[in-house]
1. Condition first: surrounded by fewer than 17 Cβ atoms within 10 Å (Cβ to Cβ) and either aliphatic (A, V, I, L, M) or under 19 Å from Met18 (Cβ atoms) (or both). Now tell me which residues in the range 38-73 satisfy that.
2. Would you mention how many residues in the range 231-248 are without any contact (Cβ under 8 Å) to a residue 60 or more places away in the chain and open to solvent by 60 Å² or more (accessible area, probe 1.4 Å)?
3. Of the residues Trp187, Trp261, which is surrounded by fewer than 17 Cβ atoms within 10 Å (Cβ to Cβ), touching a residue at least 12 places away in the same chain (Cβ under 8 Å) and of a type in the set (Phe, Trp, Tyr)?
4. Go over the candidates Gly17, Gly27 one by one and state the one that is at pLDDT 95 or above, open to solvent by less than 50 Å² (accessible area, probe 1.4 Å) and not in a strand (DSSP E or B).
5. Which one is surrounded by the most Cβ atoms within 10 Å (Cβ to Cβ) among residues in the range 201-230 that are of a type in the set (A, V, I, L, M) and more than 19 Å from Ile189 (Cβ to Cβ)?
6. Going by the conditions given, is Tyr254 open to solvent by 20 Å² or more (accessible area, probe 1.4 Å), hydroxyl-bearing (Ser, Thr, Tyr) and in a helix (DSSP H, G or I)?
7. Look through the range 168-219, keep the residues that are in a helix (DSSP H, G or I) and not aromatic (Phe, Trp, Tyr), and return whichever of them is farthest from the chain's Cα centre (by Cα).
8. Checking Thr61 against (1) under 19 Å from the mean Cα position of the chain (by Cα); (2) of a type in the set (Val, Ile, Thr); (3) within 21 Å of Asn29 (Cα to Cα), which test does it fail?
Amino acid sequence: MEEPKAPVLQTEAQRGGMLMSAASLYGYNIRATDGEIGKVHEFYFDDESWAIRYFVIDTGTWLRDRKVLISPVTIGKPDYPKKVFPVTISKEQMRNSPEADERKPVSRQHEMDLAAYYGWPMHWTYGGFYNIAPPPPGYETERELKYEEEENDPHLRSTREVAGYHIQAADGEIGHVDDFIVDDGNWSIRYVVVDTRNWLPGRKVLLAPQWISEISWDERKVYTDLLMEEIKNSPEFDPSAPVSKEYEERLYDYYGRSKYWE
């Protein structure tokens with residue numbers, strides 16, 4: 001992947017918050033109520049709701065190089081110029097938080113232990129922590145049953161892991177996942193950044209999660225029902241420029257899809 005660019009920001013209120021590159025946030029400092037506790041390593045997101053479920057924090061040497069999970073509900077107002085995320089937990093809380101085996105997927109039990117320890121919500125609402133969209137009929141009931149039946153959450157994905165997955169259109173392969181555009185108003189993923197340079201040299205485009213049908217861990221592929229020609233001719237994305245309202249409108253109008261902010 002290319003070196004992360006500066007955060008891509010915008011402040012259109014109707015779209016929740018500011019939009020930015022997920023990769024550009026890697027390395028941001030996490031400031032607890034009593035000092036620094038580590039840096040952002042990656043994000044875990046739910047590939048059904050596309051909500052960011054956890055910030056994965058590299059605690060460095062002060063906590064034996066542990067990587068810990070914190071919920072977006074703990075994140076205060078980011079200080080982007082200083083590259084700092086303040087959180088509402090202390091270093092001591094972090095030190096005593098439930099440990100997970102980093103060599104294994106995040107278990108349901110670990111998620112429940114974290115929720116109980118910090119007092120976080122046990123079940124997350126569709127569309128993120130701020131409920132930006134109504135869930136499909138039966139969604140919460142189905143998730144409740146799955147939560148009880150499955151040891152690990154098959155829908156919990158790593159942004160670092162999925163970056164690099166190939167994009168499988170309805171009629172062929174076109175590019176790979178380069179990055180994600182995150183909305184800090186509700187900590188959801190608004191777009192997947194697709195690099196098509198192995199098919200269209202140097203060109204990047206955006207796909208909204210609603211246009212993605214599946215992420216295959218085994219195949220390392222992201223599936224969409226869109227055609228290669230559609231993706232080829234879609235509005236080009238410039239990583240160095242803000243994701244403007246005008247760009248989003250052109251993108252949604254091009255695909256003839258309903259706009260999420262309306």
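The values are calculated or read from the model by the stated rules, or taken from the named source; none is laboratory data. Note that the structure is a prediction, hence the values are computed from the model and not measured. In this analysis, Cβ positions are derived from the backbone assuming ideal geometry, glycine residues included, and neighbour counts consider all displayed protein chains. For the accessible areas, the whole protein counts, side chains as well, though only heavy atoms, and no ligand, DNA or RNA atoms are used. Shrake-Rupley method; radii C 1.70, N 1.55, O 1.52, S 1.80 Å.
1. Val73
2. Adding up the residues that qualify gives 5.
3. Trp261
4. Unique residue meeting the criteria: Gly27.
5. Filtering first and then ranking leaves Met228.
6. yes
7. Gln210
8. The failed condition is (1).
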